Structure formats: C-alpha cells, structure tokens
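K.L.:
Before we start, here is the structure in question, set down as structure tokens.
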Amino acid sequence: MAVDPQAAHSAHDNGLLAYAAQGSQQAAAGQGMHWPRGVPADFASQAMMAAPMQAHRTGDEYMLPLDFVASLRSVAPFVTLLRAISFKQRAYCTIAYEGIRFTAEDSRTVQAKAYLPKSLFREFRWSDNTPLAEDEELSFMVDIRMLGECLTIFGGQQQSSGSAAPDDPHGAAAAPAPAAAASASPVSLQLSYPKAGGELTLLLQDGSVVTACNLSTYDNEPITDLHAVFGDRPIISKIIMKSDWLKTAFAEIDDTSSDLTLTIAPQHPFLRISASGLAGESELDYPRDTEVLESFSCTVPSRNKYKFSMLNPCLKALGMSTKTSIRVNEIGILSMQFMIHLAASQISFVDYVVLPIEEAN
Amino acid sequence: MRMRTKITHPSVLMKLGHTLERLHKQWIFHLTPDRLHFTVSKADFQTGVQVWAQLSTDTLFEDYRIESASDNHIWLEVNGDHLLRALKSGSKSVQMIMRLSKKEGLPVLSFTITNQSRTGKLVILVQDVPVRVISPEKTEEFREPVAPEPDVHILMPPILTLRTIAERMKSISQRLILSANMGGQLTMSVSNDIVKVQTFFNDLINPQLDPTQVDVATHPSTGRSRTEFAEAEVDIRDFIKFVQCYQLHPSKILCCINERHCLIFYVVVGDDDDGDKLDDRFGSLTYRIPLRAR
C-alpha cells in the first residue's frame, strides 16, 4: 500500500496534538517535572503523561505506543505478596491474561511465585481499552526492594503485616493485619508498563496526595521454571495443614542447622521434620489427625534433605499464611504453597519449589 | 545574675529537647523576661541544619524571675543529654524548680524536683546540670540571622505525612529536591539510577505577607507567576532532622524557598487558628537547611 508521506506525517501530528498540549502545560507547570493536573484527577491521563510519549511506526501507519494499565483500590495486597517473596533484590514480573506474577529465585535451587489475580484489580487492560488476550504476555525483571519502597511511600498501613511475620515464624499478628489495613482509607495504585518494554510507572494516591514513581526494568534473563520441573515427575505425597503447625516447627529448629530432613510415609511417622545444629537435634512428628493434617496422602515413603538456607526464604510467606500445602515428587523436589489472606476476603497463593540435596551414596 | 522559676510544663521542654537532640549535643539557652530561646551551638551554619526556637515563658514557667546586668538577658551553654535527663526526672513531678546557681565555684542549672511516691510521701530530688555562662559580647554568633527573602513561601502539608514519605525517600537517595510555587503546589522528589519518585501536594496555602513586616510590592514572591516553581536541593538527612519537630505537634509550618541561599522552615506551635496568619505567641522554631550543589 502506497502512502503519501506528507499525509502520514500530518496524521502523526494530529494524533500527537493532544499530548503535545499536555506536554507544554507540564513544562510550564514546573521545570520539567511531571505535575499531575487537577489532582485527584483521572489517573489514566496522568499515566499517559508519565509514560514516554513517542509514536512507533508499525507497517505503514503511525500508532501511539500501547501501555498495559492496571489499577488497585488498595495497594496493601500487592505489598503483602511482594513482601512474601522479597528474599532477593530482583524478581521476574510477568503480566498475563490471568494476572500479574512475580517470580524470585535463589541459586537455581529455590523459586518462589506470587500471584496477583486479575480479579484483584479494578482495571486490567491495554491503554486503548482492549483486554489482554489469552496469549499476550509481558515479562521483565524488576528490583522488588525498590518497588516495595515505592509502594509503601505513604507508609503506615502496610507495615503491620510485615513487622510480625518475617523473622518470627510464630507470626501471631500476621493474619489479622491485612484486615486492619483494609479499614484505614486505602492508598490506591495505578500501574502502567509499555507494551514495547521500558519503565514501570506507578501512581499512588493517598487522599489528594499523589506520588509518581518511574522504575527502570531489566530484560528478562532466561530461567528454568522449577515449577515445571516439579510437575514433570509424579507426585508421591500431598499434605495440607494449618500454617501454624509448621510455624511451630520452624520456631523449634535450631537456626544453626545446615539442613533439614523431611520424612513422609504412609504409616508412622507420617510427617517428620528433623534437623541438627550446634545446639542439638530436633525432630518433630505430626500425628495423622485431621486436627493437624487436614489432608494427607502418601503413596511412596520418602526421606529428603533440603538446605536450610534455601528453606529460609519461605519463612516470610509461611508467617503470613493461614494454610500450607506440601507436595513432594518422585525425585524429592519439594513444593510448598502458602495461602495468604489479603484485604477484603481476597485470597492469594505464594508457591515455592525447593530442590533437595543430592545424597552421595 | 539571677534566675529562678517553676517549670509548669517540663514535657514541652523535653519534646523540644528531643527535637534538637538530633542536630547537636551542645545547646545554647537564651533566657529573657518573656521568651526562652534555644539554639544549637554550631559555629558554621553553612554546613548543617541550624535551628532557633523560642517559646513564651508564660506557657512554660510560673513565678519566673530573671535579673542580669545585660538587660535581664542570660545566655548559657548546656549539654543536651544532661538537660534532658534532668527534665525526664521531672516529667511526672509535683513541682519542678529551676534556678541558676553556683556549686563549688562553677555555674549550674539546679533543678529541684518534688516527686510523690506511691504512698503519697514527697521525695525531693536535686539535679545540677553544669552550664557555661556566655558573656554578652560573645553572643553575636548565636543570634538568628536575618532570613533572605524567599522566592516562594507555602504552608506545608501535615508533618506526619511528610515524615513517612521522607523516611521512605531516604532509602532511595540522599538528595531531596523540594519545589513549590505560589499556586499552592509542592513537590518532593528523589531519584537514583533505577527509580524516580515524586510526591505531589496540591491545594496548599500560600499565606499572605504581612505588610507591616515586609514590603509586599517589592517582595520576590509577589511578582512571580503562580505556576513557576522554586526549587531547593537538600540533603535528605537534614530534612529528616527538621521533620523531628513532629514531636511538638506543630500547628503550622511555613516553608520558604530561597533558590540561592537556603530552605527555611518556620514551625509554629500552639496556634490552633485555622487562618493563614501565623501566630507565634506561644512558640516557634526556625530551621535553616543549607542547599546542596548538584
């Protein structure tokens, strides 16, 4: 198709007119800063301003760059989930049809995934108002510690869930905290990310005060999906239990222990967690009682060792969770799924997969 | 030189002390018949935060008597920790008396604190805080300098909001850019190699200038476009030192940006009037934060 370059150019000019006007207003407002007009105004227009304004040429047409846009009434659940997996500085972020997923990993041995389901969001779409197709996916790497700092810029309400949970496996205050957060006037969030990649833009609003954050992202490095590796082999045991029972075990274990042994068998001791450290050995047996193990199935007895330092990252998520599902596959890979109550009766899950120590025998 | 008074509100003095503590350990006390002035002793205010506080003696003291050869003014230098300890002992007292006296030839601020024990008996505690008396001719360096005329002046948002934001921003960068205009807008901004964070406040008040104090017509903020921002880059740790004044429950804080010299915060306590007039009868603190070059 032949296009008159002059016509295409003028179309381009017209298309950008609205934004150019915004741009000049912005420059007048203050020495190159992004000043959101009429705060609290419509977030969408602000997001547009904060995003880089370039037109991309696709084929013969000029088009405005497309952004992914999502908004949350309250930033609290996002903060809670991010905190659950923040054992590394950077994490992989995937925006897909089902929601947003963060994956953190350490030493190619432990991998954690946190999900922000689409249902949690008030908006979840492209900037031209079309929904994400099932096969559309954006993925990038982001500094989750910085992201956490940005999300808690207004502080306060998110702090509660973290303070009790991270280092104290008892985490007694962990469960009621998100509920308390919901009662305070929530800090809302609008997030946007260019389809073509670039900066992650966050707009947080607390009453009439707005904070804009532009966070650089990194290209995705390829990683092995340990969750897929786990699924490749048949699962031999499945347990669902209240997280409190597991928290007790982790509180009991001497933290000088270098590794931890998990024994699961169809008959006694059913579930045994043992570890030995400088202060001595500890061994915990769980009875096969529905009070303790809500669901228990085991086809083949197994005994596997895991590095304690690789289980440590799970403790934050465990502390925040109410229920835990433990699964072990044929080759001893451990999968733990923590059910975490977010604000307003929302539930989400954080998945961990931990590889066992290869026994040299 | 004589000074004796009952301290009716040791807690107010204590909060003021906690606010100043972060700045410097040595404090300058300047007592006059109607005002108690505080400053921290730091010779060069170009390099750090400087603060001048003044509280009305009526709100703090009772039966206050002061006499001196220099117009009934007394200047003292005191160690902040020592003073705070004495004030702490008096925080739940029935009566607290402060007087200037001499012990073994050295000047002290002597606190006589009457506490009530659980059984109702009165326990008297005397705490002496050593002081250095500053002679009138050496007080010049501790006097509050004339503030440069601000390019923009604006009332700050609630101090607790500022405090939370500043604490978070500290983990992002050491430099904070504060900018404001005469149209009620104020921005706090920090950035590092990977993130840029800006917080925007709108609908703030730019108080009217007092024509009895300044020449409104020639004041830099008068002829300025409402949308034009004035910007100040400061060390965020300096800003956090200022934010410590939340402990005094300030009623109003005026921010004055002078783009060439400094950032000044004028913190008013005890003025519950909603208007945009600043009433410092009860007390006020002036923070002067040096600008940092980019």
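K.L.:
Return a yes/no flag: does the stretch A:123-141 have any residue that is within 14 Å of chain B (Cβ to nearest Cβ) and either over 24 Å from A:I333 (Cβ atoms) or touching a Ser or Thr at 6+ places or on another chain (Cβ under 9 Å) (or both).
P.N.:
yes
K.L.:
Further question: Report whether or not B:T112 is closer than 24 Å to B:D71 by Cβ and polar (S, T, N, Q).
P.N.:
Answer is no for this residue.
K.L.:
Let me ask another. Can you name the condition, by its number, that B:D151 falls short on among (1) charged (D, E, K, R); (2) touching a Cys at 6+ places or on another chain (Cβ under 9 Å); (3) over 25 Å from B:V267 (Cβ atoms)?
P.N.:
Status for B:D151: all satisfied but (3).
K.L.:
Oh, and also: Keeping to the stretch A:291-306, report how many residues are crowded, with 18+ Cβ neighbours inside 10 Å and touching an Asp or Glu at 6+ places or on another chain (Cβ under 9 Å).
P.N.:
3
K.L.:
Now, a different point. Taking the stretch A:206-220 as the search range and keeping residues that are outside any loop (DSSP other than H, G, I, E, B) and at the interface with chain B (Cβ under 7 Å from one of its Cβ atoms), which one is farthest from the chain's Cα centre (by Cα)?
P.N.:
Per the stated criteria, the residue is A:V209.
K.L.:
With the requirement that a residue be among the hydroxyl-bearing types (S, T, Y) and in contact with a helix residue (DSSP H, G or I) (Cβ under 8 Å, 6 or more places away or on another chain), what does the stretch A:241-258 give you?
P.N.:
Hits for the stretch A:241-258 are A:S243, A:S257, A:S258.
K.L.:
In the stretch B:168-196, which residues are in contact with a helix residue (DSSP H, G or I) (Cβ under 7 Å, 6 or more places away or on another chain) and within 9 Å of chain A (Cβ to nearest Cβ)?
P.N.:
B:R168, B:M169, B:S171, B:I172, B:M188, B:I194, B:V195
K.L.:
Still on this structure, please answer the following. Where residues in the stretch A:311-325 are out of contact with any helix residue (DSSP H, G or I) (no Cβ under 7 Å at 6 or more places or on another chain) and open to solvent by 20 Å² or more (accessible area, probe 1.4 Å), which of them is nearest to A:P356 (Cα to Cα)?
P.N.:
That would be A:N312.
K.L.:
Then there is this: Within the stretch A:266-285, how many residues turn out to be over 18 Å from A:S335 (Cβ atoms) and surrounded by 12 or more Cβ atoms within 10 Å (Cβ to Cβ)?
P.N.:
Matching residues across the stretch A:266-285 total 12.
K.L.:
When the stretch A:213-225 is examined, which residues are found to be open to solvent by less than 10 Å² (accessible area, probe 1.4 Å) and either of a type in the set (A, V, I, L, M) or farther than 20 Å from A:W126 by Cα (or both)?
P.N.:
A:L215
K.L.:
Do any residues in the stretch A:228-248 that are in a helix (DSSP H, G or I) have Cβ atoms under 7 Å from those of residues that are among the hydrophobic types (A, V, I, L, M, F, W, C), where the two are at least six apart or on different chains, and which pairs are they?
P.N.:
Qualifying pairs under 7 Å: A:V229/A:I333; A:F230/A:I333; A:F230/A:V353; A:S243/A:L318; A:S243/A:F338; A:W245/A:V292; A:L246/A:L318; A:K247/A:L318.
Listed here are the residues, each with its yes/no results for (1) at pLDDT 95 or above; (2) assigned to a loop (DSSP other than H, G, I, E, B); (3) under 24 Å from A:G155 (Cβ atoms).
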position	(1), (2), (3)
B:L178	yes, no, yes
B:K196	yes, no, yes
B:D210	no, yes, no
B:V214	no, yes, no
B:G223	no, yes, no
B:K241	no, no, yes
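K.L.:
Also, I was wondering about something else. Quick one: which strands (runs of 3 or more DSSP E) sit completely within the stretch B:1-71 and have at least 1 residues that are closer than 30 Å to B:R292 by Cβ and either in the same structural domain as B:V133 (by TED's automatic domain parsing) or open to solvent by 50 Å² or more (accessible area, probe 1.4 Å) (or both)?
P.N.:
Qualifying strands (runs of 3 or more DSSP E): B:26-31, B:35-40, B:50-56.
K.L.:
Checking B:E144 against (1) at the interface with another protein chain (Cβ under 9 Å from one of its Cβ atoms); (2) touching a Ser or Thr at 6+ places or on another chain (Cβ under 8 Å); (3) of a type in the set (D, E, K, R): exactly one of these is not met. Which one?
P.N.:
Condition not satisfied by B:E144: (1).
K.L.:
Across the stretch B:155-165, which residue is farthest from the other protein chains (Cβ to nearest Cβ) among those that are assigned to a helix (DSSP H, G or I) and closer than 17 Å to B:P250 by Cα?
P.N.:
Among those that are assigned to a helix (DSSP H, G or I) and closer than 17 Å to B:P250 by Cα, it is B:I159.
K.L.:
Can you confirm whether B:K102 is away from chain A (no Cβ under 14 Å) and among the basic types (K, R)?
P.N.:
Yes; evaluated as a whole, the condition is true for this residue.
K.L.:
Can you pull out the strands (runs of 3 or more DSSP E) entirely within the stretch B:74-147 that have at least 2 residues that are under 30 Å from B:I264 (Cα atoms)?
P.N.:
B:74-79, B:122-133
K.L.:
Say we look at the stretch B:86-128 and pick out the residues that are touching a residue at least 60 places away in the same chain (Cβ under 8 Å) and touching a Ser or Thr at 6+ places or on another chain (Cβ under 7 Å); which of these is least open to solvent (accessible area, probe 1.4 Å)?
P.N.:
The extreme case among them is B:M98.
K.L.:
If B:H219 meets every condition in (1) within 7 Å of chain A (Cβ to nearest Cβ); (2) more than 17 Å from B:R163 (Cα to Cα) apart from one, which number is that one?
P.N.:
(1)
K.L.:
Among the residues of the stretch B:225-239, which ones are closer than 20 Å to B:N206 by Cα and either touching a His at 6+ places or on another chain (Cβ under 7 Å) or not in a strand (DSSP E or B) (or both)?
P.N.:
Matches in the stretch B:225-239: B:S225, B:R226, B:T227, B:E228, B:F229.
K.L.:
For the stretch A:108-131, which positions are under 19 Å from the mean Cα position of the chain (by Cα) and assigned to a loop (DSSP other than H, G, I, E, B)?
P.N.:
Listed by number, the residues that qualify are A:R108, A:T109, A:F121, A:R122.
The values are calculated or read from the model by the stated rules, or taken from the named source; none is laboratory data. These figures come from a predicted structure and were not determined experimentally. Neighbour counts run over all protein chains shown; Cβ positions are idealised from the backbone, glycine included. Areas reflect the complete protein model, heavy atoms only, side chains present, ligands, DNA and RNA absent. Shrake-Rupley method; radii C 1.70, N 1.55, O 1.52, S 1.80 Å.
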